[in-house]
Amino acid sequence: MVSDSPDIKITPEAPVRAPSSVPVDDAVLPFEVASLDLRGRLTRLGPALDDILTKHDYPAPVGKLLGEAIVLATLLGTALKFEGRFILQTQTDGPVSFLIVDFQSPDRLRAYARYDARRLKDGQSSGALLGKGHLAMTIDQGADMSRYQGLVALDGGSLEDAAHEYFLRSEQIPTRVRLAVGEEWRGGDGGKHRWRAGGMLLQFLPKSPERARQADLHPGDAPDGTVTHTVAEDDAWVEGQSLIGTVEDVELIDPDLSGERLLYRLFHERGVRVFTPLSLRAQCSCSREAVSAMLKSFAPKDRAEMVKDDKVVVTCEFCSSVYQFTPHEAGVEE
């Protein structure tokens, strides 16, 4: 089934059609499996991801890790129902010490990674690249609204692991996430290299409160012998986890496999309804005016120390754009 809105009521007259075979890149496809009380989103990224990663010429392991963070940010950020920003950020002691993805609703993406090339080794997992630290997910609704931030400890696990921990502890919504990033090589014109990525988020959202109950979190330092509270997983959620567990990385990033066909491949026996895709684009929010305002917010001494060869040069970490100012334009006193 196909619909324009995830909030419309399902009726027997709802349109039914075959899944489209046309792949759509740089988009998030919301979907629903009503018979299992499942909702989710499928992300496919092509040119937008390639644009972000190639601006910095990241080593392959760093590009892959940042790509995973970008996919996760799109899966979570596109759930916003208002104009605002979703910011995913890691700070760790690993070779990739800092990641940030800035998603500005409804569709703008930018991202950046900081890493120590000397500590990169072949075959490192995403958990080894991150090391120990924390993952912060921030929702910014604007200057007149309070920010909401959720924190998850990173202890050698992947971003998928961190997402699962976040939903378990902060949202208490049964959730599974799949992330995949790869490099695509195509012949012709000397061969072309492109980054691609895909991801899927699946959640169990039953209408009955009893079916939505989860086990209590681990009691931590409770006395020995304390009985841990448990709740049997709902059969529908067991089935949903089994189905998303069969998704392979190559399916998530395959440029010739449409998102609708992938969802049909997974859920056709139960029936899957898709909604209008949400487009994504790579676009930095930096500008000469914004950089100028930032410079003028610095202390006079700091601005003066930025003058080199009679000019002030600022490079945007996100998009690598370079802005040059005369000392006078930067507010440096004579």
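Just so it is clear, none of the values below were taken in a lab; they were calculated from the coordinates. These figures come from a predicted structure and were not determined experimentally. Here the Cβ positions follow ideal geometry from the backbone for every residue, glycine too, while neighbour counts run over all protein chains shown.
Worth a mention:
- Within a Gaussian network of the chain (alpha carbon springs, distance under 10 Å), most fluctuating of Ile87, Ile173, Ile70: Ile173
- Treating r as the C-beta distance of His328 and Thr246 and R0 as 51 Å, the FRET efficiency rounds to 0.20.
- Axis of helix 235-244 versus longest Cα principal axis of the chain: the two differ by about 50°, to the nearest ten degrees.
- Only lysines eight or more places from Lys121 in sequence, or on another chain, were considered; those with a Cα closer than 26 Å are Lys55, Lys64, Lys132, Lys192.
- With at most 16 other Cβ atoms within 10 Å, longest stretch of the chain clear of loop chymotrypsin sites (Phe, Trp or Tyr not before Pro) (DSSP): 83-297
- Cα-centred dipole magnitude for the chain, charges only on beta-carbon of K, R (+1) and D, E (-1), debye, nearest 20: 400 debye
- By the count of neighbouring beta-carbon atoms within 10 Å, fewest first, His164, His134 end up ordered His134, His164.
- Cα-only Debye scattering, the chain: base-10 log of I(q)/I(0) at q = 0.15 Å⁻¹: -1.34
- Extension gain, Arg265 back to Gln91 (0.36 nm per residue minus Cα-Cα distance, nm): 58.9 nm
- Region 81-199: projected area of the alpha-carbon convex hull, averaged over directions, in nm²: 9.8 nm²
- Across the chain, Cα pairs under 8 Å and at least six residues apart give a relative contact order of 23 percent.
- When the trypsin sites (Lys or Arg not before Pro) in region 228-327 are filtered for DSSP coil states and for at most 16 other beta-carbon atoms within 10 Å of their beta-carbon, the remaining sites are Arg270.
- Cα centroids of region 85-139 and region 25-44: 25 Å apart.
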